[in-house]
Every structure is written in structure tokens, then in C-alpha cells.
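First up is the structure itself, then whatever we jot down about it.
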Amino acid sequence: MSIDESTAARVAKLARIKVEPEALPALAGEFNTILGFIEQLNEVNVDGVEPMTSVTPQVLKRRADVVADGDQQAKVLANAPDAREGFFAVPKVVE
Amino acid sequence: MLDLTYDTPKPRVIAGAKYDWELVIGMEVHAQVSSNAKLFSAASTKFGAEPNANVSFVDAAMPGMLPTINEYCVEQAVRTGLGLKADINLHSAFDRKNYFYPDLPQGYQISQLYHPIVGEGEVLVEMGDGTARLVRVERIHLEQDAGKSIHDMDPNMSFVDLNRTGVALMEIVSRPDIRGPEEAAAYLGKLRQILRYLGTCDGNMQSGSMRADVNVSICRPGDYEKYQATQDFSHLGTRCEIKNMNSMRFIQAAIEVEAKRQIAIVEAGGAVQQETRLYDPDRNETRSMRSKEEAHDYRYFPDPDLLPLVIEQAWVDHIGATLPELPDAKKARFLNDFGLTDYDASVLTADLDSAGYFEAVAQGRDGKMAANWVINELFGRLKKDESTITQSPVSPGQLGQIIDLIASDAISGKIAKDVFEISYTTGRDPAEIVETEGMKQVTDTGAIEAAVNDIIAANPDQVAKARENPKLAGWFVGQVMKATGGKANPKAVNQIVAAKLKP
């Protein structure tokens, strides 16, 4: 798989990361290096091998259905660039 | 148990300018799991809290926070799957569905694309006319809800509330087995009924606890059968998805208008574009929701924060053993044990409260009579008050007393309605009302005969007429009832009047 400049631009846009056009060739190159490195894994035959999800024998931890968090509106909003009347305020996003 | 067998309903056919067309519909229903806390955090799910009050740092996607799954939400999904006779996957896993929106602070929704917790099931959708459609459920997966954006509080800003962020949803995905707007609404109604019986979702559509995305395509008659035989989608038309519907009425209208839009495109030689659309009830039309260049690319991948979800068959069996009697079984039992009509059985099993009330009334009494009193008198009266069965001022025991009083000929059906009204407004016991108010009917034939004799003696002209035209006997019955304050047994009055008027 090879990433060209337009694919790099698309990935950047989906991630909402601004990339100047002149930076795109280098970005596409970096993507290709990463993918090329990972593609080495295709050389390994994994037929019949169970996917390994953890290096230690763990199971998914579960919690009981108990409310023990929340009521911290000020903390939740503390990092927001703009907050009003208990809401995050963001530039208008209506479709 | 009585087996419920139905004919298959005919698919809805819409006549285009050139050809007839059939509809093919599949639905994705998002049902909010009834739970105290969210799917991956300990914040509350309670509706109507202050903005951003029910938010943990997990929900707000603060760096370093890790999700921990709520076991009860998993149990609810399993219970729902069992209620839809579905396969439960003991091994499932969570994936990230990536997209950017202000009310999704993580930048992704945790969902189950590749390995859902529930597999294939089915829903029997009765159409009320003796037909029913068996709609296959493809899968149910657990996922997080997003937050809420409010666009009308400020001219330039959108306001975001994360209270709903991370609340557990079950996405119930049907196969394209639904064949018309009415069937779509009935499918949603039946699903809602089953979830409410199971207690896994409150089914409140106004508050958004149940929402549906509706996939609509059109095909020529005969094509759908080819799809059914082969499961090859190429026999069907290109589908459009109408997003986020939470009203049965609008779902029907939206399907209707969307099908007509597609028919017009295809008959004019065009092609339907697969896309997401929104229904506008004010203009009764669907509109494209996103332009093509912004088409979503969700870049799904397994969530590295969460190990696979592995559950035990013994736990599934335990949940299965605690399932309540479900609507189809309850209806079959009501038909069988109480001799009800299909309609009455459907009305009485619509929800658990109604069914429970009816059963308490019908216990040891005539089932049909109990059904009549619950549906016609009680439900009618409650409806007049815009009240519900749980608020009924008349208890099942009290309604049962009324039925017993009729059955023992203590009161007539007509007086019973008066007794019911008094009991409804005062909460008094019917037996006591009849006793105290002297409403017991006169079954003493001697007393009735005397009353009939008086009326006949006082109205010789009417007697002559009635002897020529027996239909006029009703006038005498009416006079006798009036004279006895409505307390005479109508059956006895009828017999005596008829006998006395014989020439």
C-alpha cells in the first residue's frame, strides 16, 4: 500500500490536523515508511493462530452498575476555551 | 401453549408513472440501555440533569483516562438478545469508530463492528389483520451514545452538553425484511414492547431512548423474492438511509416520500445515490445530509484500551432463566386460557401493567367479561382522564367485585356502569356501594309482575298497539325499569312483559 499526497491530505483532514500543502510530500513519505515497516508482518504465516490480545493472561475488567462519578461541572469545563451556562461553547456547527 | 400462526402480509406496492414498485426496508434501532451508570464510566445516566453534571473524566476524554465496562449493561444486551431469540456471542470485542464532532470528545465512538455481542434473532411483527411479518435481526451491538449539541441558544455558537456522552446503547440491526411503511412502524412498536417487557430499555421515544435509522430501497415486483432465495443484494435497488427518526408517524411518512423520490429518479433514467438523508416533517421531504466530499470514513479499528469481552455460557443461561413471559407467549396464553379475541389479547398484552391488571381481574372469573370491563370501561374512563393503568383509582379487586355482582344477578349490566363510575370517582368498594345506595336489582318476580300489571292497567291504548306490533313491548319494559328505579332484573322484566302482552 502506498500513500500519495492526496491521501495524506485526506487523512489530515479527517483528523482535523492542519497540514500546509508544501508539507504533504514529506508527510506522505513518512506514512509510507511506517506502512513499509509494518508490512514486514505480512511475511509471517499466521494461519490457525489465535489473535493475541494481551501478553499476560488478563480478562476484561468489569464495573458494577453504580453511580460514583460526576457532579463536577466546573472541573469538566475547566480546560474549555469557552463555556457558558454550564455548556461547552463552540463555533456554530449546524448541518 | 397455543401456536400463533399468521399469513404473510402483502408487500406495499407503489405505482410509478411507468411501473409498479415494491419497497425494501431495513432498520437500525438505537435503544438506550436501562442502567444507572454509563457503559464505560461511573457517571449517572439520569435524564434532565444540569448540563455537564453527569460527566466523568472518562466521558470527557481527558488524557490518560481508561474505560471500564459496566457489567449490567452487558447483561442487559444479553437479556435483549435472548428476548429476540438470538444467538449470544460468548466472545465479542470493541472497536473505535472515528469521526470528528464537538459532542464526541474522544474523537471516536466505542462500538462493536467486527464482533458484536448478539447475533441473529427475529421479531414477529403482527399487522393487526391476521397477518404478521417475521423480521430477522442481523445483530445487536453495544456502543456509546454521543453528547448533545444545542444550536438555538446563541446566534454564533453551538452549546455542547456531555451528559449523554457514553451512555450505553444497543444498536439492533434488522435484515431488509420490512416491506412497507406500516410494517416499519409495527416493527418498531413490537421491538419497543419486547424491550419494555424485558426491562432493558424504557422505550421512551420523546426523550430519545429509542431512535431509528431507516434504510429504504425500491425494486420491481419479483426482485425481492430473488434476493430472498439467494441473499444476493444485487437484486435490490440502491438504498438511502434516513437518520435519527423518533416518531412512528414520521417514520411512515418519511419512507413513503423517500420511496416516491427514488421511483421518480429511476423512472426518469437516473440512478439513486447511496447516501444519508434527513426527513423534514414540515415540508414532508427527505434531504441529503452530507455532501459527497465530506462522506464519512470511520477508519474502524479494534480499541486498544479494551480487551475482548468474554462471557460464560452459565451466566447467559442464568439470565435466560430469569426472562419474563414475553409478549407473544403472553398473548397466546391469553387467547388460550381466557378465550379472548385476537384484538383484545393484543390490547391487554401491549404492556406489562395492563396485562397484570387484567390477569388479576380475570382470575377465577369469566375472561371475556373481564376483558370487556378492563378495555371498554376502565381503559375508556382512564383515557378520558388522560390517565394510565398504573394510576387507576379502581383496583383489580374492585373491578372484579363488579363482575361478581353482575354474575350473581345482584346488579344489571347497566347499574354496574353506575357502580363503576361511583367507585372510580370515590374509590369505594362496589359491594359496599350497591349495599349502601340500595342499587341491588329486584329479582323477585312477584314485585316485577305487580309493576308490569300497574303499567298495563294504566295504558290500555299502548297495550292494544303492542299486541298488533310486538316491537312496541320495549316501551313497557322501559316504563317498568323507570318505575323500579332501574333496579328490576331486565331479563325478568322482558319475560313478564312478553307474557302479559300475549293476546
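The values are calculated or read from the model by the stated rules, or taken from the named source; none is laboratory data. None of the values given here were measured: they were computed from a predicted structure. Cβ coordinates were reconstructed from backbone atoms using ideal geometry, including for glycine residues, and neighbour counts include every protein chain displayed. In case anyone asks, the SASA skips ligands and DNA or RNA and just uses the protein heavy atoms, side chains included. Shrake-Rupley method; radii C 1.70, N 1.55, O 1.52, S 1.80 Å.
Using Cβ point charges alone (K and R +1, D and E -1), the dipole size of segment B:94-188 about the Cα centre works out to roughly 300 debye. Between the C-alpha center of segment B:475-503 and that of segment A:1-31 there is a gap of 96 Å. Note on chain B: Cα convex hull, mean projected area over all directions, 33.7 nm². Counting Cβ atoms of other protein chains within 10 Å of each residue's Cβ and taking the mean over peptide B:31-42 gives 3.
Between A:Lys61, A:Lys13, A:Lys75, the Gaussian network model of chain A with springs among Cα atoms under 10 angstrom shows the greatest mean-square fluctuation at A:Lys75.
Phi angles across segment B:108-116 convert, under the Karplus curve 6.51 cos²θ - 1.76 cosθ + 1.60 with θ = phi - 60°, into 3J(HN,Hα) values of 7, 9, 7, 9, 10, 6, 8, 9, x Hz, Gly and Pro given as x.
Using Cβ point charges alone (K and R +1, D and E -1), the dipole size of the protein assembly as shown about the Cα centre works out to roughly 1800 debye. Remark: relative contact order (segment B:445-500) = 46 percent; criterion is Cα-Cα distance under 8 angstrom and separation of 6 or more residues. Value of Rg to Rh for chain A, rounded to two decimals, is 1.15; Kirkwood radius and Rg both from alpha-carbon coordinates. Remark: segment B:26-41, residue by residue, has Karplus-estimated 3J(HN,Hα) of x, 10, 10, 9, 9, 10, 6, 5, 6, 7, 7, 10, 6, 5, 10, 9 Hz, where x stands for each Gly or Pro and the curve is 6.51 cos²θ - 1.76 cosθ + 1.60 at θ = phi - 60°. When the alpha-carbon atoms of segment B:13-297 are used, the pair Rg, Dmax equals 19.6, 61 angstrom. Using R0 = 56 Å, the C-beta based FRET efficiency linking B:Trp315 and B:Ile14 works out to 0.75. With a threshold of 26 Å on the Cα-Cα distance, the over-threshold entries among B:Lys85/B:Lys190; B:Lys260/B:Lys383; B:Lys38/B:Lys148; A:Lys61/B:Lys190; B:Lys331/B:Lys368 are B:Lys260/B:Lys383; A:Lys61/B:Lys190.
Between the Cα long axis of helix B:352-362 and the first principal axis of chain B there is an angle of about 20°, rounded to the nearest 10. Scaling the Cα radius of gyration of segment B:123-192 by the globular reference 2.2 N^0.38 Å produces a ratio of 1.60.
Scoring A:45-52, B:302-309 by mean Cβ neighbours within 10 Å over their residues and listing the highest first yields B:302-309, A:45-52. In chain B, helices alone account for a calculated mean residue ellipticity at 222 nm of -11500 deg cm²/dmol, with every DSSP H run of four or more residues adding -39,500 (n - 2.57). What a 1.4 Å probe finds exposed on segment B:324-436 is 50% carbon and sulfur by accessible area, rounded to a whole percent.
Database remark: amide H of B:Ser209 closer than 5 angstrom to the amide H of B:Asn204 (H placed geometrically; neighbours at sequence offset of 5 or more, or on other chains; Pro and chain starts carry no H).
Report the charge-dipole magnitude of chain B in Debye, nearest 20, computed about the Cα centre from +1 at each Lys and Arg Cβ and -1 at each Asp and Glu Cβ. All intermediate terms of the calculation are to be shown ahead of the outcome.
Values: 53 positive and 71 negative charges, 283 e Å.
My answer is approximately 1360 debye.
According to the Cα-based calculation, Rg over Rh for the protein assembly as shown is 1.11, with Rh computed by the Kirkwood formula. Against the longest principal axis of chain B, how steep is helix B:396-407, in degrees 0 to 90 to the nearest 10, with axes from Cα atoms? Between the helix axis and the principal axis of chain B, the angle is about 30 degrees. With 0.36 nm allotted per residue and the present C-alpha distance subtracted, the B:Ser408-B:Thr443 stretch has 11.5 nm of extension available.
Summed over both chains, the contact between A and B buries some 4000 Å² of accessible surface at a probe radius of 1.4 Å. Rounded to the nearest 10 degrees, the inclination of helix B:327-338 to the longest alpha-carbon principal axis of chain B is 20 degrees.
Just counting partner chain Cβ atoms within 10 Å, what average do the residues of peptide B:69-81 show around their Cβ?
Per residue, the number of nearby Cβ atoms from other chains is 2 on average.
Treating each Cα of segment B:324-436 as one equal point scatterer and applying the Debye formula with no solvent, the log10 of I(q)/I(0) at q = 0.17, 0.19, 0.20, 0.21 Å⁻¹ comes out as -0.77, -0.95, -1.04, -1.13. Note on segment B:445-500: Rg/Rh from Cα positions, Kirkwood definition for Rh, rounded to two decimals, is 0.93. Here the 3J(HN,Hα) profile of segment A:62-77, calculated from phi with Karplus coefficients 6.51, -1.76 and 1.60 at θ = phi - 60°, is 10, 10, 7, 7, 10, 7, 9, 8, x, 6, 9, 3, 4, 5, 4, 8 Hz, Gly and Pro shown as x.
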